[in-house]
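The structure appears right after this line, and notes come after that.
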Amino acid sequence: DGGITQSPKYLFRKEGQNVTLSCEQNLNHDAMYWYRQDPGQGLRLIYYSQIVNDFQKGDIAEGYSVSREKKESFPLTVTSAQKNPTAFYLCASSNARSSYNSPLHFGNGTRLTVT
Amino acid sequence: GQNIDQPTEMTATEGAIVQINCTYQTSGFNGLFWYQQHAGEAPTFLSYNVLDGLEEKGRFSSFLSRSKGYSYLLLKELQMKDSASYLCAVRDHGSGTYKYIFGTGTRLKVLA
């Protein structure tokens, strides 16, 4: 079955360390997205990519970096410059360019805790 | 800019009907989506509207008025398992790319 895989489900890091969250999809979707969710809040867009080797900043890109070297993969690095990295991170993909009613499909998320 | 507003919390009784409203402002509107999210889980897709009117899917219906920047999600015959957050999201195509912008979500509690 096609889907989006995020790993790991839970991640613990010490303050000052960079950490990379994995996101892989086998839906053959062009576009991929990273969102952050804090308790009681909605999803906020960090970075997104419409095609390989291209990506755009979302609303809260500071302290994060991404790469899109393969269509299937869109890893997110949370750097030590991110002031409040503890959050629930969701990766998503869609095929809006070829299918106008394509919704976002989400992975199961990674819960990052930085102490 | 982009802005999406939803009520923070709603409470309803099992078997009842509840309407969750969403208002939005965006320059490149390209569709409105509703998602359900249970605590600690990923959102799951419920419905999509791009033209004005009502879309019905079983117990769930969603309405859109583009001129008013307004949508609602209607849940009928509420069940306890419908207790969740409901997220309104707008797809924006303003800059040549597709961005999905989310509201803060409405937490629905269904009481027995």
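Values computed for the structure shown
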item	result
Residues listed by number, segment B:85-112, amide nitrogen under 19 Å from B:Ala16 label point at 7 Å toward C-beta	B:85-86, B:106-112
Share, in percent, of DSSP beta bridges within segment B:8-112 that are antiparallel, nearest 5	90
Segment A:51-115-segment B:1-29 distance, computed between alpha-carbon centres (Å)	25
Hydrodynamic radius of segment A:9-78 per Kirkwood, over alpha carbon pairs, in Å	12.9
Choice from B:Thr13, B:Thr23, B:Thr97 with maximal GNM fluctuation in chain B (Cα, 10 Å cutoff)	B:Thr97
Share antiparallel - DSSP beta bridges, the protein assembly as shown, percent rounded to 5	90
Under 18 Å, Cα to Cα: Lys pairs in chain B, sequence gap 8 or more or different chains	4
For residues of B:93-105, the mean tally of beta carbons on other chains within 10 Å	6
Cα-based reach from A:Lys71 at 20 Å (exclusive), listing aspartates and glutamates while leaving out same-chain residues under 8 positions away	A:Asp1, A:Glu24, A:Asp30, A:Asp54
q = 0.18 Å⁻¹, segment B:1-48: log10 I(q)/I(0) [Debye, one scatterer per Cα]	-0.79
Total accessible surface hidden between A and B, rounded to 100 Å², 1.4 Å probe	1800
Karplus-derived HN-Hα couplings along segment A:70-86 (A = 6.51, B = -1.76, C = 1.60, θ = phi - 60°), whole Hz, x at Gly and Pro	10, 4, 7, 10, 8, x, 10, 9, 9, 8, 5, 7, 6, 5, 10, x, 5
Sequence-distant residues sharing a close amide H with A:Gly58 (under 5 Å, placed H)	A:Tyr47, A:Tyr48
Heavy atoms of A:His105: accessible area, 1.4 Å probe, square angstrom to 10	70
GNM top mover of A:Arg68, A:Arg13, A:Arg44 - chain A, alpha-carbon springs below 10 Å	A:Arg13
Chain B: radius of gyration over Cα atoms, expressed as a fraction of 2.2 N^0.38 Å	1.04
Carbon/sulfur fraction of accessible area - the protein assembly as shown, other protein chains in place, 1.4 Å, %	47
As computed over the protein assembly as shown, the Cα convex hull volume per residue (Å³)	125
GNM result for chain A, Cα springs below 10 Å: residue of A:Gly58, A:Gly40, A:Gly16 fluctuating most strongly	A:Gly40
Lysines whose Cα lies under 17 Å from that of A:Lys14, excluding same-chain neighbours fewer than 8 positions away	A:Lys83
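The values are calculated or read from the model by the stated rules, or taken from the named source; none is laboratory data. Keep in mind that this is a model prediction, so the values were computed, not measured. No Cβ is skipped: glycine too gets one built from the backbone with ideal geometry, and neighbour counts run over all protein chains shown. Keep in mind that these areas ignore ligands, DNA and RNA; they rest on the heavy atoms of the full protein, side chains included. Shrake-Rupley method; radii C 1.70, N 1.55, O 1.52, S 1.80 Å.
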